[in-house]
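**Q** Below: one structure in structure tokens.
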Amino acid sequence: MTARNRELFGLVVAGLIAGVALASVTIARDAEVATSAVTWGALFLGLYIVAHVVVRRTAPYADGALLPLTAVLTAFGLATIYRLDPDDGGRQALWVAVGVGVLAGALIWLRHDYRVLESYRYVFGVTAVALLLLPSVPGLGERVNGVRLWVDIGPLQFQPGELAKICLILFLAGYLREKREVLAQGRLKEFGPLFVIWGAAMLVIVQTNDLGSALLNFGVFLAMLYVATGRALYVAAGLALFVGGAAVLYNALQHVQDRVTIWLQPWTDERVYCALNGELELRQDCASYQLVKSLYSIANGGFGGTGLGEGTFASTDGTQLIPYLRTDFIYSAIAQELGLIGAAALLLVFMLFVVRGMRVALQAQDGFSKLAAAGLTFGFALQTFIIVGGVLRVVPLTGITLPFVSYGGTSIVANFLLLAGLLLISNRANTPRA
């Protein structure tokens, strides 16, 4: 069976998963299978069939597992979001359609040779910093939960950090490909442009309190530097800088101190000062409310889960128990309704995506492609770890999205661009040589 036929078979399976999940939600809600569930399942499959046709025409030798794995992840996300709010589910479905359109456009545009992007590496670097700076512009940025992540321009609201991540990876891939030999020799002057772009991005992120993106971009930077030079010493030095910087930020920024305190001590037996209302409250009823309720949600799912549509996410008066459930804490909803089995299955899909992405990086035959594939895949993996680890209290909680699953248009579009990059690199690596 060819890669494209395996891809088509995987998409059919993903379509069935989406249809069954939506049908389960409607059964739990209305005690019958609504025709809308069947319609949505068919539209979901049809959308990815269109993507498959575009891939077949523009990247016939691309990895056959990446698109089906993406379809499974978006099926998980759509079913969960639709279960939480049908209107939001409809909007998310529209964003998935936009993401597939962006994927198709990128594949058609760059089908001949995507390596032309390397020539614009400095443009991508400056664009990354500009995008990260947008939320700080007066009148544009919107502060949510103490963090400036969003930009409002008329009716359009988007999260520029998601797109900045892609631009930063392309800049690093281009620059490191050009300078990797002298960087491996330790010539410090060649690190100049690299640290200027990266340092500016870090300063902007810290200024906006978007520490999740700071950690993500720093991790991608170290990973790509190691792939380019093979020098473990650089990684050790980077980690030492990270520890030192984290200590400085902890002492300088109250926001960082609060996040660490919530991580280490989410529960208290005595009342402490609550910044939300200026009174004394138990921490689990104030600063760590989201995290504690999320952990209770995961525990309530147990091994097999409550079943789709059967979870408890609102009080008797309709108040949502976990704020930002569709975005930051969607993993908690999945873990409650699908249990340990379903949550582990979701993580397994993420792991398979990462394995296939790293396989693409290993197969790539030129430096730019290898670095770009490694950066895109590592960024995807680290983002998944940061948000899932935060929800599970493995690392401090940060406000980033779960790729392809969380509610949000910018995240969906950025991750479909990431997918397009991996497909293009895979296609070139696997194309038979005459």
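The values are calculated or read from the model by the stated rules, or taken from the named source; none is laboratory data. Fair warning: this is a prediction, and the values are worked out from it, not measured in the lab. Counting neighbours? That spans all protein chains shown, and the Cβs are built from the backbone with ideal geometry, glycine included. Quick note on the areas: whole protein, heavy atoms, side chains included, nothing else; ligands and nucleic acids left out. Shrake-Rupley method; radii C 1.70, N 1.55, O 1.52, S 1.80 Å.
**Q** Looking at residue 416, is it under 28 Å from residue 57 (Cβ atoms), open to solvent by less than 20 Å² (accessible area, probe 1.4 Å), part of a helix (DSSP H, G or I) and in contact with an Asp or Glu (Cβ under 8 Å, 6 or more places away or on another chain)? Can you show your working first?
**A** On the way: under 28 Å from residue 57 (Cβ atoms): yes; open to solvent by less than 20 Å² (accessible area, probe 1.4 Å): yes; part of a helix (DSSP H, G or I): yes; in contact with an Asp or Glu (Cβ under 8 Å, 6 or more places away or on another chain): no.
Judged against the criteria, residue 416 is not a match.
**Q** Something else about it: Applying the selection to region 277-314, what residues are surrounded by fewer than 16 Cβ atoms within 10 Å (Cβ to Cβ), in a strand (DSSP E or B) and of a type in the set (Asp, Glu)?
**A** Once the filter is applied, which keeps residues that are surrounded by fewer than 16 Cβ atoms within 10 Å (Cβ to Cβ), in a strand (DSSP E or B) and of a type in the set (Asp, Glu), region 277-314 yields only 279.
**Q** Taking residue 28, is it over 25 Å from the mean Cα position of the chain (by Cα) and of a type in the set (A, V, I, L, M)?
**A** yes
**Q** Evaluate the following for residue 95: is it within 23 Å of the chain's Cα centre (by Cα), modelled with pLDDT of 90 or more and of a type outside the set (D, E, K, R)? Lay out the reasoning, then the answer.
**A** Details: within 23 Å of the chain's Cα centre (by Cα): yes; modelled with pLDDT of 90 or more: yes; of a type outside the set (D, E, K, R): yes.
Yes: the conditions hold for residue 95.
**Q** Could you pull out the residue among 382, 338, 402 that is open to solvent by 10 Å² or more (accessible area, probe 1.4 Å) and within 13 Å of the chain's Cα centre (by Cα)?
**A** Numbers: 338 fails: within 13 Å of the chain's Cα centre (by Cα); 402 fails: open to solvent by 10 Å² or more (accessible area, probe 1.4 Å).
The conditions single out 382.
**Q** Can you pull out every residue in region 362-375 that is under 24 Å from residue 214 (Cα atoms) and either within 11 Å of the chain's Cα centre (by Cα) or small (Gly, Ala, Ser) (or both)? Can you show your working first?
**A** Step one: of region 362-375, the residues under 24 Å from residue 214 (Cα atoms) are 368, 370-375.
Within region 362-375, 372, 373, 374, 375 meet the criteria.
**Q** Tally the residues that are loosely packed, with under 14 Cβ neighbours inside 10 Å and farther than 11 Å from residue 286 by Cβ, restricting the search to region 261-276.
**A** Matching residues across region 261-276 total 5.
**Q** Which of the residues belonging to region 238-276 are outside any helix (DSSP H, G or I) and in contact (Cβ under 8 Å) with a residue 24 or more places away in the chain? Walk me through it before giving the result.
**A** Let us first name the residues in region 238-276 that are outside any helix (DSSP H, G or I), namely 253, 265-276.
If the condition is that a residue be outside any helix (DSSP H, G or I) and in contact (Cβ under 8 Å) with a residue 24 or more places away in the chain, then 253, 266, 267 are the ones that fit.
**Q** Checking residue 349 against (1) in contact with a strand residue (DSSP E or B) (Cβ under 7 Å, 6 or more places away or on another chain); (2) at pLDDT 95 or above; (3) of a type outside the set (Gly, Ala, Ser), only one condition comes out false. Which one?
**A** Every condition holds for residue 349 apart from (1).
**Q** Going by the structure shown, is residue 244 small (Gly, Ala, Ser), within 23 Å of the chain's Cα centre (by Cα), over 29 Å from residue 364 (Cα atoms) and modelled with pLDDT under 80? Walk me through how you get there before you give the answer.
**A** On the way: small (Gly, Ala, Ser): yes; within 23 Å of the chain's Cα centre (by Cα): no; over 29 Å from residue 364 (Cα atoms): yes; modelled with pLDDT under 80: yes.
No, not satisfied.
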